[in-house]
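Below is one structure; the comments refer to it alone.
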Amino acid sequence: MQLFFDYLLIVCVIYAAMLSVYFATGLGMTWVINRHPERRIQKTRDGSSRIRLEIRASLKALATSSLLLSSGYFAQTQGWTLVSPLALSWWSFPLMFAVCFVLFDAWFYWGHRILHWGPLYKWHLPHHKSVAPTAWSNDSSTTVDTVIEHGFYLLVWFVLPVPALSVFALRLFDQISGMIGHSGFEFFASKSSRWPFPLICTTFHDLHHSQFHYNFGNFLSVWDRLCGTVHPGYDDFVRQMEETGDVPDSAITKVARTAPEA
């Protein structure tokens, strides 16, 4: 019984931490974008009418994500994993963070692609109801959607010698960067977010929501470029923003098409 209460405490603490980051980031992004309306990517669309729905769905999805992360961490603390964690040090933390960063991006890409497959798409459709996403959209997902995309946070503890701090730091980065990536406002377009560099900016994922069939990656554009799913106009949009300092006026939404109904 004590083991169960120890586990329950970990779940509650991690869920509370995720909610704190979710609301802090969402409110912070709201404050920023209200002062920079000119940075809106989809000029003719405003997704703010869905924010209440997105928050309600996110409370459930974050609970699911907390269970996945907590279960993996708890298993490691009990010695139930295949490998023991590396001792936390100046080299093990960044090394395993980088390894998990790359592996999670691959996991997310293929999990995301699978969710766009016909039989599973009904579980991903609610997320795509937000055609013009907001920061609050990031976790607006069904339970099946969350398990597929965040299952990494359960399994990684069992197969890699990850110091806990490396995984928690990745989850923190994933949460904040994901909410910025869903914000619908571009502040980070630069050379590093277009070819030949692998990083992405907010426009990358915004194109996925407005045009559906492109840009499935999470942190990087590597898998999209290798598999031919990067939006054909993405690099030009980023270059134009980089050179002019402005978000292209409706260049994206002129050719937008929304997600099909399930």
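For this structure, a couple of remarks:
- All helices (runs of 4 or more DSSP H) inside region 67-183 with 3 or more residues being out of contact with any Ser or Thr (no Cβ under 9 Å at 6 or more places or on another chain) and under 24 Å from LEU199 (Cβ atoms): 92-115, 164-181
- Of all residues in region 198-247, those being of a type in the set (A, V, I, L, M, F, W, C), touching an Asp or Glu at 6+ places or on another chain (Cβ under 8 Å) and closer than 27 Å to VAL99 by Cα number 7.
- Residue match in region 204-214 (condition: surrounded by fewer than 17 Cβ atoms within 10 Å (Cβ to Cβ) and either under 19 Å from PHE108 (Cα atoms) or over 12 Å from the mean Cα position of the chain (by Cα) (or both)): yes
- The lone criterion from (1) in a helix (DSSP H, G or I); (2) modelled with pLDDT of 90 or more; (3) under 24 Å from GLU38 (Cα atoms) left unmet by TRP223 is number (3).
- Residues satisfying the criterion are present in region 166-189 (criterion: under 16 Å from the mean Cα position of the chain (by Cα), crowded, with 24+ Cβ neighbours inside 10 Å and farther than 30 Å from HIS36 by Cβ).
- Cβ pairs under 7 Å, 6+ apart, first in region 12-27 and crowded, with 20+ Cβ neighbours inside 10 Å, second not in a helix (DSSP H, G or I): TYR22/ASP139
- Number of positions in region 184-207 that are free of Cβ contacts under 8 Å to residues at least 12 places away in the same chain and part of a helix (DSSP H, G or I): 1
- In region 32-82, the qualifying residues are those that are in contact with a helix residue (DSSP H, G or I) (Cβ under 6 Å, 6 or more places away or on another chain) and of a type in the set (Val, Ile, Thr), and the one that is surrounded by the fewest Cβ atoms within 10 Å (Cβ to Cβ) is THR44.
- Counting only residues that are surrounded by 17 or more Cβ atoms within 10 Å (Cβ to Cβ) and either modelled with pLDDT of 90 or more or assigned to a loop (DSSP other than H, G, I, E, B) (or both), region 240-262 holds 5 of them.
- Count of region 28-54 residues, restricted to those that are under 12 Å from SER130 (Cα atoms), in contact (Cβ under 8 Å) with a residue 24 or more places away in the chain and over 20 Å from the mean Cα position of the chain (by Cα), is 2.
- Any hit, region 36-43, residues being of a type outside the set (D, E, K, R) and in contact with a Ser or Thr (Cβ under 8 Å, 6 or more places away or on another chain): yes
The values are calculated or read from the model by the stated rules, or taken from the named source; none is laboratory data. Remember, predicted model here, so these are calculated numbers, not experimental data. Note: ideal-geometry Cβ built from the backbone for every residue, glycine included; neighbour counts use all protein chains shown.
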